[in-house]
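A short write-up of the structure that comes next.
The values are calculated or read from the model by the stated rules, or taken from the named source; none is laboratory data. Note that the structure is predicted; figures quoted are calculated from it, not measured. Cβ coordinates were reconstructed from backbone atoms using ideal geometry, including for glycine residues, and neighbour counts include every protein chain displayed.
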Amino acid sequence: MAVLTEGQLAETQALRLLERHGLILVTRNHRCRCGEIDLIMAHGNTAVVVEVRLRNNSRHGSALESISTRKQARVSRCAKLWWVQQGQRKFKHLRFDVVALENGTEPQWVQNAWQISN
């Protein structure tokens with residue numbers, strides 16, 4: 001039996017939170033040459049690209065603070081590739097959310113955490 005890493009457990013917790021709010025899983029851990037997208041969810045006619053961040057302590061900043069502009073750019077590039085290859089046939093809009101998990105606190109879901117220009 002495989003042992004789940006902390007990151008996988010955090011992604012599962014984020015997935016459950018989003019599903020409770022009516023989002024539907026499209027794919028998990030989508031990889032492309034630019035990087036990886038933790039979760040891609042469907043919310044009506046919107047594809048929601050979700051970055052899941054976990055922090056066990058805040059010594060180096062909060063989970064939300066740990067998402068650099070470089071990380072946002074990497075996820076955005078990967079999402080654009082996914083969108084061109086398969087997303088635009090199914091979805092009208094693309095949104096970037098973050099689920100931040102910190103030691104012992106409730107997950108924080110930030111919708112429209114960042115945007116990209118077309």
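For this structure, a couple of remarks:
- Residue within region 58-69 that is in a helix (DSSP H, G or I) and not small (Gly, Ala, Ser) present: yes
- Any hit, region 72-95, residues being buried (at least 16 other Cβ atoms within 10 Å of the Cβ), of a type in the set (Phe, Trp, Tyr) and outside any helix (DSSP H, G or I): yes
- Checking each residue in region 28-59 for being surrounded by fewer than 15 Cβ atoms within 10 Å (Cβ to Cβ), within 20 Å of residue 79 (Cα to Cα) and out of contact with any Phe, Trp or Tyr (no Cβ under 8 Å at 6 or more places or on another chain) picks out 29, 31, 33, 36, 44.
- Exactly one residue among 53, 89, 31 is over 24 Å from residue 117 (Cβ atoms) and either over 12 Å from the mean Cα position of the chain (by Cα) or at pLDDT below 95 (or both), and that residue is 31.
- Selection count, region 37-89, where residues are touching a residue at least 12 places away in the same chain (Cβ under 8 Å) and within 19 Å of residue 15 (Cβ to Cβ): 25
- Note on region 1-49: among residues that are of a type in the set (A, V, I, L, M) and in a helix (DSSP H, G or I), the one that is farthest from residue 99 (Cα to Cα) is 9.
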